[in-house]
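Structure first, then comments.
The values are calculated or read from the model by the stated rules, or taken from the named source; none is laboratory data. In this text, all values refer to a predicted model and were calculated from it rather than measured experimentally. Backbone-built Cβ (ideal geometry, glycine too); neighbour counts: all protein chains shown.
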Amino acid sequence: MLKKNGKGYVGLCPFHEDTNPSLSVNTQKNLWQCFSCGTGGDIIRFVELMDKVAFPVAVKKLDDSMHSKESYLYLTRSPDKTNKTNTANGTNR
């Protein structure tokens with residue numbers, strides 16, 4: 001579990017036996033780093049390591065999670081301004 005710490009978050013690193021919070025997450029830069037084992041990267045690298053999958057599979061998992069109500073990760077993305085649907089009649093504007 002991550003705990004708010006200033007502008008970011010800290011927690012136990014899932015990649016080694018950790019008893020003191022050494023994992024730091026910078027939400028402004030969308031990066032994470034363990035100051036104990038040195039592992040770090042972006043969200044794609046995190047999924048690669050956690051799920052032991054290759055880059056394309058990690059990207060697909062993240063994409064799938066964006067379209068799922070039971071989201072794999074809580075991510076944010078800008079609304080698509082090119083595909084607005086008129087809720088009154090269901091047509092695109």
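Residues checked against (1) β-branched (V, I, T); (2) touching a Cys at 6+ places or on another chain (Cβ under 7 Å):
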{"site": "L2", "(1), (2)": "no, no"}
{"site": "V10", "(1), (2)": "yes, no"}
{"site": "L23", "(1), (2)": "no, yes"}
{"site": "N30", "(1), (2)": "no, no"}
{"site": "I43", "(1), (2)": "yes, no"}
{"site": "V47", "(1), (2)": "yes, no"}
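Scanning region 26-57 for residues that are crowded, with 18+ Cβ neighbours inside 10 Å and of a type in the set (A, V, I, L, M) gives a single hit, V47. Checking the structure you have, find out if any residue of region 70-93 is part of a loop (DSSP other than H, G, I, E, B), at positive phi, at pLDDT below 95 and surrounded by fewer than 11 Cβ atoms within 10 Å (Cβ to Cβ). Checked region 70-93: at least one residue is part of a loop (DSSP other than H, G, I, E, B), at positive phi, at pLDDT below 95 and surrounded by fewer than 11 Cβ atoms within 10 Å (Cβ to Cβ). Based on what the data block shows, is G8 surrounded by 14 or more Cβ atoms within 10 Å (Cβ to Cβ) and at pLDDT 90 or above? Against the criterion (surrounded by 14 or more Cβ atoms within 10 Å (Cβ to Cβ) and at pLDDT 90 or above), G8 qualifies. Restricting attention to region 16-62, the residues being part of a loop (DSSP other than H, G, I, E, B) and either under 20 Å from N5 (Cα atoms) or in contact (Cβ under 8 Å) with a residue 24 or more places away in the chain (or both) number 15. If a residue has to be under 16 Å from the mean Cα position of the chain (by Cα) and on the phi > 0 side of the Ramachandran plot to count, how many in region 12-39 make the cut? Total satisfying the criteria: 1.
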